[in-house]
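These notes are about the structure you will find just below.
The values are calculated or read from the model by the stated rules, or taken from the named source; none is laboratory data. Everything quoted here is computed from the prediction, not taken from an experiment. Note that each Cβ is placed from the backbone with ideal geometry, even for glycine, and that neighbours are counted across all protein chains shown. In case anyone asks, the SASA skips ligands and DNA or RNA and just uses the protein heavy atoms, side chains included. Shrake-Rupley method; radii C 1.70, N 1.55, O 1.52, S 1.80 Å.
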Amino acid sequence: MENREFTVGVDLGGTNTVIGFVNIHGDFIAEVSFATQTKAGPGKFVEGLARRIKEMQDKLPDDCECLGMGIAAPHVSYTTGKIVAPANLGWGEVNLISMLSDHLDLPIAVLNDANAAALGEMGYGVAKGLRDFVLITLGTGIGSGIIANGQLLVGARGLAGEFGHMTAVCDGRECGCGRRGCVEAYASAQGITRSALELMSDIKTSTVLEREKFSDLTSEKVFMAAQKGDSLAREVFEKTALILCGSLADMAACFDPEAIVLSGGVVRAGNTLLKPLRKHFEESLLHIFKGQIPILISKYPEGQAAVLGATLWLQQSIELPEHWKTNSPG
Ligand SMILES: [Zn+2]
């Protein structure tokens, strides 16, 4: 029977949402990814999410059994089940558990998306075997999950790990959260695009990016230009690395991790970002940590680690059949 049992994991991202049906071994038995449509409001989004899950279930053999659903989402508290005004979704306060319960008769658990990605990496990914690490997601937004002594650090309200909204630059750029100078305003995909636009207006160096309409410029285009050797685009990644490394060194000083794990779309820039980042990170580290904290890169496609982590969180939140307790890292 255990081969027919599965849990549903969802990663609600600012750009894409991923649904995964995951078996006891952490294997994906079905997966769907779709663009997160936020403009019609959370009600329509939840309705569409529930419809897709039912469609996926309809394609499975009749004897397959779903044990529950874990959802990874931005700015969500596992204690209340509520998303609180996430900067990248444009919604107010949304009670995901109660809204989804109107459509699906399943036990549901929610968890901050980067927290979920940290659990997924610890259970199945590059952090398997680690007991102290910090995972940072660099994408549309920036988040983090902190694992201390093998446990997820959740905080008093379940909101711990908002690395993206730590201050990187005093009185710096406006952030989507309403504050100024947050890491997210510099090192997210949008932050990288903003850095390119700033440099283009400040520096009189010619760049291939000048051919782009300003409104069409994206971090991917800046990356492509950097790969072709464009000096302004390379400077953007150098500046991004310089800002990010200080905040990563702060996290290292706070949590004494075995490693820092990076994931998310921005990491696809590879060595264009990682080479300067590793160099500056090492220089920024407090001397007692130097040479001891590797930066590891997630091997999962976007959303998958959070999906796996959401299912592991569900497993910690509900009563499971005995064989799940012994076979799953959750
Ligand atoms: Zn912020």
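Each principal axis of the Cα cloud of the stretch 268-318 was evaluated for its coordinate range; sorted largest first, these ranges are 44, 28, 11 Å.
For the chain, what % of the accessible area comes from carbon and sulfur atoms, probe 1.4 Å?
Values: 7280 of 14860 Å².
It is 49 percent, rounded to a whole number.
Each principal axis of the Cα atoms in the stretch 77-116 has its own extent, and those three values, largest first, are 30, 21, 14 angstrom.
Would you calculate a helix-derived [θ] at 222 nm for the chain, using -39,500 (n - 2.57) for each DSSP H run of n ≥ 4 and dividing by the full residue count, to the nearest 500?
Values: 10 runs with 121 residues, N = 330.
Only helices count here, giving -11500 deg cm²/dmol.
Neighbours of GLU121, meaning other residues whose beta-carbon lies under 11 angstrom from its beta-carbon, give a summed charge of +2 when Lys and Arg score +1 and Asp and Glu score -1. For the peptides 61-67, 165-171, the ranking by mean Cβ contacts within 10 Å, running from highest to lowest, is 165-171, 61-67.
Is the shape of the chain rounded, prolate or oblate, going by the alpha carbon gyration tensor and its root eigenvalues a ≥ b ≥ c, with a/c under 1.5 for rounded and a/b larger than b/c for prolate? In terms of gyration-tensor shape, prolate.
Taking all Cα pairs closer than 8 Å and separated by 6 or more residues, the relative contact order of the chain comes to 21 percent.
For the cross-link pairs LYS221/LYS275; LYS239/LYS299; LYS39/LYS204; LYS44/LYS221, the ones whose C-alpha atoms lie over 27 Å apart are LYS39/LYS204; LYS44/LYS221. Round to a whole angstrom and tell me the spacing of the C-alpha centers of the stretch 282-330 and the stretch 1-28. Cα centres, the stretch 282-330 to the stretch 1-28: 15 Å. Simple point charges give the picture: +1 on the Cβ of Lys and Arg, -1 on the Cβ of Asp and Glu, and for the chain a dipole about the Cα centre of about 900 debye. Solvent-accessible surface of the chain, averaged per residue with a 1.4 angstrom probe and all protein chains in place: 45 square angstrom. Could you work out how far helix 189-202 tilts from the main Cα principal axis of the chain, as a 0 to 90 degree angle to the nearest 10? The helix 189-202 is inclined about 10 degrees to the chain.
Could you work out the local net charge near PHE223, counting Lys and Arg as +1, Asp and Glu as -1, over the other residues with Cβ closer than 11 Å to its Cβ?
Values: positive: LYS221, LYS228, ARG234, ARG268; negative: GLU220, ASP230.
Neighbour charge sum, excluding PHE223 itself: +2.
Be a star and scan the stretch 225-255 for residues whose amide nitrogen sits under 19 Å from the point 7 Å along the Cα-to-Cβ vector of LYS204. Answer for the stretch 225-255: 231-233.
Within the stretch 247-271, find all residues whose amide N lies under 16 Å from a label point positioned 7 Å from the Cα of CYS170 along Cα-to-beta-carbon. Only 247 fall inside the zone, counting backbone N under 16 Å. Using R₀ = 35 Å, calculate the FRET efficiency as 1/(1 + (r/R₀)^6) where r is the Cβ-Cβ separation of ARG52 and ALA160; round to 0.05. The value I calculate is 0.70.
According to the square roots a ≥ b ≥ c of the eigenvalues of the Cα gyration tensor, what is the shape class of the stretch 1-143, taking rounded for a/c under 1.5, prolate for a/b larger than b/c otherwise, and oblate for the remainder? Since a/c reaches 1.5 but b/c is at least a/b, the shape of the stretch 1-143 is classed as oblate.
Between beta-carbons, use under 15 Å as the cut-off and find the net charge around TRP91, counting Lys and Arg +1, Asp and Glu -1.
Working: positive: LYS39, LYS44, LYS82; negative: GLU47, GLU93, ASP113.
Once positives and negatives cancel, what remains is 0.
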